[in-house]
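S.K.: This structure is in structure tokens; I'll ask about it shortly.
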Amino acid sequence: MSAETILETRGLTKEFKGFVAVNNVDLKVRRGDIHALIGPNGAGKTTFFNLLTKFLPPTRGTITYQGTDITRERPAQTARRGIVRSFQISAVFPHLTAMENVRAALQRNLGTSFHFWKSERTLYPLHDRAMQLLETVDLRPFADELTVNLPYGRKRALELATTMALEPDLMLLDEPTQGMGHEDVDRVTQLIKKVSQGRTILMVEHNMNVVSSIADRITVLQRGAVIADGPYAEVSKNPLVIEAYMGSADTELQGAH
């Protein structure tokens, strides 16, 4: 596996009126890895994602992506570089079909997103690619189903397809299995593994079964600071990590949310 770093933060810090939400975080994400960011509730994981996607400016520190300092870029500039965030809140149009949702995401790449007055025929070339993406996430049988009617786990799979339509180099997945039953968790975990081929994924995830089964590397945050970083086998035995989860990493993480 290539050890090339695609994303790096150095000393990344975010303070809110004296409260330090993200504290001096050094993180390296290697190209092609599935990298999980874990930690107890309030550890700073979502704030960290918000810094990466520019929804928040850092108090100090730097963010480097593919060798370029992107710390002060606007959100749209960063998105155009191929960093795309998904999940946590549903990012699909409920009253379009699954296929139309993926096609709408593909349109954004063409720069024709706002050409709603154009004939629908101009969208036909996108149809095959949209169907391919639905196939990738096992949704081809649901192509003509209105999204509002899809079961929760299938909606999450559709969000994965719409994210892939934007052709990201780095996918940021924000709690992809949150609120799912066991069967959906297993399905979405396998889909993440499948779509990670040729991509890099940084994911915030509470479910340790998910993390242990697909993550190449894990970074653990507590009170905004990194307390451990490495492969699951190493991190799960780290005394600081065990203490952070009150001596029972699995049950605490499984039960979160």
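None of the figures in this text is laboratory data; all of them are computed from the coordinates on show. All values derive from a computational prediction rather than experimental measurement. Note that we place each Cβ from the backbone using ideal geometry, even for glycine, and neighbour counts take in every protein chain shown.
S.K.: Can you put Glu167, Glu8 in order, fewest other beta carbons within 10 Å first? Working shown, then result.
M.R.: Numbers: Glu167 12, Glu8 18.
So the ranking, lowest neighbour count to highest, is Glu167, Glu8.
S.K.: Quick one: what are the phi-derived ³J(HN,Hα) couplings along region 160-175, Karplus 6.51/-1.76/1.60 with θ = phi - 60°, whole Hz, x for glycine and proline?
M.R.: Residue by residue, region 160-175 yields 5, 5, 5, 5, 5, 4, 7, 6, x, 7, 10, 9, 9, 9, 9, 6 Hz.
S.K.: So, one more: Please give the charge dipole size of the chain, origin at the Cα centre, charges +1 on K and R Cβ atoms and -1 on D and E Cβ atoms. Round to the nearest 20 debye.
M.R.: Numbers: 30 positive and 29 negative charges, 177 e Å.
The dipole of the chain has a size of about 860 debye.
S.K.: Taking θ = phi - 60°, what integer Hz values does the Karplus form 6.51 cos²θ - 1.76 cosθ + 1.60 yield along region 44-61, in sequence order, with x for Gly and Pro?
M.R.: 3J(HN,Hα) across region 44-61, in whole Hz: x, 5, 5, 4, 4, 4, 5, 5, 5, 9, 6, 6, 9, x, x, 6, 7, x.
S.K.: Counting only residues 5 or more places away or on other chains, whose amide H sits under 5 Å from the amide H of Gln222 once H atoms are built in the peptide plane?
M.R.: Amide H neighbours of Gln222: Ile227.
S.K.: Short version: ³J(HN,Hα) in whole Hz for each residue of region 72-77, in order, from phi by Karplus 6.51 cos²θ - 1.76 cosθ + 1.60 (θ = phi - 60°), x for Gly and Pro, what are they?
M.R.: 9, 6, 7, x, 5, 4
S.K.: Which far-off residues, 5 or more places away or on another chain, put their amide H under 5 Å from the one on Arg31, with H placed in the peptide plane?
M.R.: Glu4, Thr5, Ile6
S.K.: Counting only residues 5 or more places away or on other chains, whose amide H sits under 5 Å from the amide H of Ile70 once H atoms are built in the peptide plane?
M.R.: Ile63, Thr64, Tyr65
S.K.: Determine the alpha carbon to alpha carbon distance for each of Lys14/Lys45; Lys54/Lys193; Lys54/Lys155; Lys14/Lys193; Lys45/Lys194; Lys17/Lys54 and list only those over 21 Å. Don't skip to the end; give the middle numbers.
M.R.: Working: Lys14/Lys45 12 Å; Lys54/Lys193 26 Å; Lys54/Lys155 26 Å; Lys14/Lys193 31 Å; Lys45/Lys194 24 Å; Lys17/Lys54 19 Å.
Lys54/Lys193; Lys54/Lys155; Lys14/Lys193; Lys45/Lys194, as the Cα separations exceed 21 Å there.
S.K.: Taking Rg and Dmax of the Cα atoms in Å as the quantity of interest, determine which of (1) 18.7, 61; (2) 19.3, 66; (3) 18.6, 69 was computed from the displayed structure.
M.R.: Answer by label: (1).
S.K.: Any chance you could give the angle, 0 to 90 degrees and rounded to 10, that helix 98-110 forms with the longest Cα principal axis of the chain?
M.R.: 80 degrees
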